[in-house]
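Trainee: Attaching a single structure in structure tokens format; questions to follow.
The values are calculated or read from the model by the stated rules, or taken from the named source; none is laboratory data. In this text, all values refer to a predicted model and were calculated from it rather than measured experimentally. Every residue, glycine as well, gets a Cβ built from its backbone with ideal geometry; the counts of neighbours run over all protein chains shown. Just the protein is used for accessible areas: all its heavy atoms, side chains included, with ligands, DNA and RNA removed. Shrake-Rupley method; radii C 1.70, N 1.55, O 1.52, S 1.80 Å.
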Amino acid sequence: MPMLVQNSGTQQLQLWLEPFGQDYWLMPGETVCVTSYGTWNDQPFTTVHEADCLTVWATSWFATVSDRDGNEFPPGRRDTA
């Protein structure tokens, strides 16, 4: 089950994917697709929003983050040298 996440702000948005402990950073205007695989009891995701951070909890056994074309989205910050 996929869920689109878009950064409509003017700053980077940190996306935490739990329970896997992986972080992704979306530039302003960027959209990713978080996909939950396997089974879940009620909903495939729960979300928690904090300032400049969105935590997505996948309630299944596996989840991925990809761009809108289905390519793997790189984890970690992308603006550091």
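Trainee: Using the Cα centre as the reference, give the magnitude of the dipole from point charges on the C-beta atoms of the range 1-74 (Lys, Arg: +1; Asp, Glu: -1; all else neutral), rounded to the nearest 20 debye.
Mentor: The dipole magnitude comes to about 120 debye.
Trainee: Can you give the accessible area per residue of the range 22-62, in Å², using a 1.4 Å probe?
Mentor: Value for the range 22-62: 58 Å² per residue.
Trainee: Moving on to the next point. Rounded, prolate or oblate: pick one for the chain, where a ≥ b ≥ c are the square roots of the eigenvalues of its C-alpha gyration tensor, a/c under 1.5 means rounded, and failing that, prolate if a/b is larger than b/c, else oblate.
Mentor: prolate
Trainee: If amide H atoms are built 1.01 Å from N in the plane of the peptide, which residues on other chains or at least 5 residues away come under 5 Å of the amide H of residue 53?
Mentor: Under 5 Å from the amide H of residue 53: 14.
Trainee: DSSP loop (so not H, G, I, E, B), at most 11 other Cβ within 10 Å: list which chymotrypsin sites (Phe, Trp or Tyr not before Pro) in the chain pass both filters.
Mentor: Those that pass, being in a loop and sparsely packed, are 61.
Trainee: Now, a different point. Provide the convex hull volume over Cα atoms per residue for the range 15-61, in Å³.
Mentor: Output value, Cα hull per residue: 75 Å³.
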